[in-house]
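**Student:** A single structure is presented below for examination.
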Amino acid sequence: MRQLLTVFSILLLATLFSVQSFAQSKAEIERRLMVEDSYEASYGQLFNEAAYFRGDTFLNEYTNVIVINKAANKQTLRLYTNRQLMLSTKVSTGREDVEHIGAVRGVFNKIFKGTTQSHWRHTTRGFYTIKRVEGYNYRSGESKFHMPYAMFFNDRRGLAVHQVPPDLSGGEAAGEYALGSRASSGCVRVHKNYIQQIHTAVLAADKGQIPVLSTKTGQAQLDEYGRVRYERGYKTIVIVEEY
């Protein structure tokens with residue numbers, strides 16, 4: 001009996017130590033990953049709609065302005081084209097938590113679908129021009145999930161506006177049901193009934209000379225002579241705010 005009690009005590013202590021170590025490991029991962037990038041804007045309203053409608057901002061040099069409010073109780077997207085509001089709809093942005101991927105799950109995800117490393121499911125705030133545009137059949141190079149009509153605005157984090165993936169766990173209907181709440185890994189999910197309107201507007205605007213704006217403030221960047229810097233890019237800007 002005494003030996004059984006000793007073994008039981010050892011097993012109990014080992015279990016408690018394992019649980020404590022796992023909790024410490026999770027906390028350390030979260031501390032390391034949940035750090036905002038230096039280029040990210042602060043909390044608050046970033047888009048001045050009144051100034052935009054008056055034509056008093058550099059945003060007017062873009063054909064399309066896509067405004068996303070990532071606040072937990074808002075979760076909306078508005079599309080403006082040439083100073084006209086064309087669309088307003090519910091979306092899902094990042095969950096704003098860490099998805100912990102252990103070794104076993106990492107191997108499983110690599111074979112099937114899903115990311116292979118723990119990551120912060122975060123949608124960055126700020127002013128971002130569209131960097132690249134994909135079609136209906138596009139799939140994530142890392143997770144292999146379907147991302148129809150993906151329009152990438154933050155290539156550093158692989159963030160895009162795209163249709164709700166039809167191959168989500170629970171199916172596309174589950175992703176559409178979640179619209180209006182945080183549900184993604186960082187991208188901005190849009191209902192299939194609206195994504196093509198956004199995608200078409202971005203392609204129709206095409207590329208041209210656009211002002212280089214600070215991702216943090218939206219202010220125009222100046223060259224060494226004090227003149228506004230311009231570059232060639234998509235004439236669509238994405239503003240992610242949280243208020």
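The values are calculated or read from the model by the stated rules, or taken from the named source; none is laboratory data. Quick caveat, the model's predicted, so the values are computed rather than measured. Heads up, the Cβs are rebuilt from the backbone with ideal geometry, glycines too, and the neighbour counts pull from every protein chain shown. Note: areas computed on protein heavy atoms with side chains; ligands, DNA, RNA excluded. Shrake-Rupley method; radii C 1.70, N 1.55, O 1.52, S 1.80 Å.
**Student:** Between Phe112 and Asp97, what length in nm is gained on full extension when 0.36 nm per residue of separation is reduced by their alpha carbon distance?
**Tutor:** Taking Phe112 through Asp97 to full extension adds about 3.1 nm, to one decimal.
**Student:** Only Cα pairs within less than 10 Å get springs; with that Gaussian network setup on the chain, which residue of Ser143, Ser38, Ser181 has the largest fluctuation?
**Tutor:** Ser38
**Student:** Which value in nm describes the separation of the simple spin-label points at Tyr177 and Tyr43, placed 7 Å from the Cα toward the beta carbon?
**Tutor:** That separation, rounded to one decimal, is 3.1 nm.
**Student:** What percent antiparallel are the DSSP beta bridges of the chain, to the nearest 5?
**Tutor:** Just about 75 percent of them are antiparallel.
**Student:** On to the next question. Would you mind calculating the gained length between Arg54 and Glu36 on full extension (0.36 nm times residue separation, minus the Cα-Cα distance), in nm to one decimal?
**Tutor:** Taking Arg54 through Glu36 to full extension adds about 3.2 nm, to one decimal.
**Student:** Give the carbon-plus-sulfur fraction of the accessible surface of the chain in %, rounded to a whole number; probe 1.4 Å, heavy atoms of protein chains only.
**Tutor:** Reported share for carbon and sulfur atoms: 53 percent.
**Student:** Hey, another quick one. Please calculate how many Å² of accessible area region 91-131 carries per residue, with a 1.4 Å probe and no DNA, RNA or ligand atoms counted.
**Tutor:** Result: 45 Å² of accessible area for each residue.
**Student:** Shifting gears a bit: Return the lysines within reach of Lys144: Cα separation strictly under 16 angstrom, same-chain partners fewer than 8 residues apart disregarded; answer none if there are no such residues.
**Tutor:** Within the straight-line limit of under 16 Å, Lys144 reaches these lysines: Lys110, Lys113.
**Student:** Could you work out which residue, out of Phe53, Phe127, Phe152, moves most in a Gaussian network model of the chain, that is, has the largest mean-square fluctuation with Cα springs under 10 Å?
**Tutor:** Phe53
**Student:** Considering only Val35, Val212, Val91, give the residue with the highest GNM mean-square fluctuation for the chain, with springs between Cα atoms whenever their separation is below 10 Å.
**Tutor:** Val35
**Student:** Still on this model: Calculate for the chain the 222 nm mean residue ellipticity that helices alone would give, adding -39,500 (n - 2.57) per DSSP H run of length 4 or more and normalising by residue count, nearest 500 deg cm²/dmol.
**Tutor:** It comes out at -9000 deg cm²/dmol, rounded to the nearest 500.
**Student:** Further question: Can you return the lysines within cross-link range of Lys207? Criterion is Cα-Cα under 23 Å, with same-chain partners fewer than 8 residues away left out.
**Tutor:** By straight Cα distance, Lys207 reaches Lys131, Lys216, Lys235.
**Student:** Compute the separation of the alpha-carbon centres of region 170-198 and region 22-64 and state it in Å as a whole number.
**Tutor:** 20
**Student:** Next up: Need one word for region 124-200: rounded, prolate or oblate. Basis is the Cα gyration tensor (sqrt eigenvalues a ≥ b ≥ c); a/c below 1.5 gives rounded, then a/b vs b/c decides.
**Tutor:** It comes out rounded by the Cα gyration axes.
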